[in-house]
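Chemist: Quick one: this structure, given as C-alpha cells, is what I'll be asking you about.
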Amino acid sequence: MFCSSRLASDGYRSGYIALTGLPNSGKSTLLNRLIGQKLAVVSEKPQTTRVNVLGVLTRDDAQLIFIDTPGYHDSDKKINRFFVREAAAACADADVIVHLFDAKKVKKSGLNNDEGFLKTLEEATRKKIVIPVLSKSDLVKKNELPGIAALISGTFSFNEKAVITAAPLGLGIPELIDLAVKHLPEGPMYFPEDTVSDRNARDLCAEIIREKIFRLLHD
C-alpha cells in the first residue's frame, strides 16, 4: 500500500528495518518500545517469536517499518530451520538491519554465536547498512558497557558504532531511531499515518494469549 501524502520528492524517507539477533536478545521488547505499544510476544523462553512481526513508526520526516524476526539458532529441526529462513528473508528484503547483542551474554560468552548468524547472512549484510545494538545494558555494570561495545566494533565491520539500549527504560531509543532514519532511502509513505502494524486485532489478541501460555507452561 502506498500513501501519497508524503513523497520522496519532499525529502521524505521510508523503508524496512529488520531487527535480528540470537534468541532472547530483546528484539520483541525493542519493537514494542519503538512503536509505543504491544505488538510482539515477550517471553524468557527461546523461539517465542515464530513469524516476522511488522511494526510501523511514522514521523514527520520518515516512516520506519520495523520487522521483528525469529531469533537465530543452529538446529537440525525443520521448524527451527524455518525460523532461520524467516529471519534471513526479512534481512534480504530490508533496507537497514539492526542486529541486537545481549550485553549480559556477550560479557559471559563472547560473540561466537553472533558470528554464526552474521556469516549466514553475509551476502545480505555486505550490501546493506547494519546498525549494531547493545541491548539489555541495564543488566550489566555501567563501567563494563564501553568495553563490550568496543569488542563488537573490533570484531565486526559495521557501518556505525554500537547503540547502547535498555528498551524497558527507553535508554538509547531516540538515538537508534534517528540513526535508522539517517540510513533509510528517500521514499513515499507506505502505510497511512495511524497504522502501527499490518496485523489485525484478532491476530494481536491471539499472540497475547500465546504469550501467557509461554509464560505459565514449561513442559
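All of the numbers you see were taken from the coordinates with simple rules; none came from a lab. Computed from a predicted structure; not experimentally measured. Glycine gets a Cβ as well: all are built from the backbone with ideal geometry, and neighbour counts include every protein chain shown.
Chemist: Which residues' amide hydrogens lie under 5 Å from the amide hydrogen of LEU134, considering only partners 5 or more residues apart or on another chain, with H built in the peptide plane?
Modeler: Distant-sequence amide H within range of LEU134: PHE101, VAL163, ILE164, THR165.
Chemist: Could you give me the ³J(HN,Hα) list for the stretch 55-66, computed from phi with Karplus coefficients 6.51, -1.76, 1.60 and θ = phi - 60°, whole Hz, x at Gly and Pro?
Modeler: The phi angles translate into x, 10, 10, 10, 10, 5, 10, 6, 10, 9, 10, 8 Hz.
Chemist: A follow-up question, please. Counting other Cβ atoms within 10 Å of each Cβ, which trypsin sites (Lys or Arg not before Pro) in the stretch 96-196 have at most 11 and sit in a DSSP loop? Walk me through the intermediate numbers first.
Modeler: Details: sites: LYS104, LYS105, LYS107, LYS108, LYS119, ARG126, LYS127, LYS128, LYS136, LYS141, LYS142, LYS161, LYS182; in loops: LYS127, LYS128, LYS136, LYS141, LYS161.
Answer in residue order: LYS127, LYS141.
Chemist: Another question about this same structure. Can you flag which of LYS127/LYS161; LYS104/LYS127; LYS38/LYS142 are past 24 Å Cα-Cα?
Modeler: Values: LYS127/LYS161 18 Å; LYS104/LYS127 29 Å; LYS38/LYS142 28 Å.
Result: LYS104/LYS127; LYS38/LYS142 exceed 24 Å.
Chemist: I need the phi-derived Karplus couplings for the stretch 173-189: 6.51 cos²θ - 1.76 cosθ + 1.60, θ = phi - 60°, integer Hz, Gly and Pro marked x.
Modeler: With the stated coefficients, the stretch 173-189 comes to 5, x, 5, 5, 4, 4, 5, 5, 4, 4, 9, 6, x, 5, x, x, 6 Hz.
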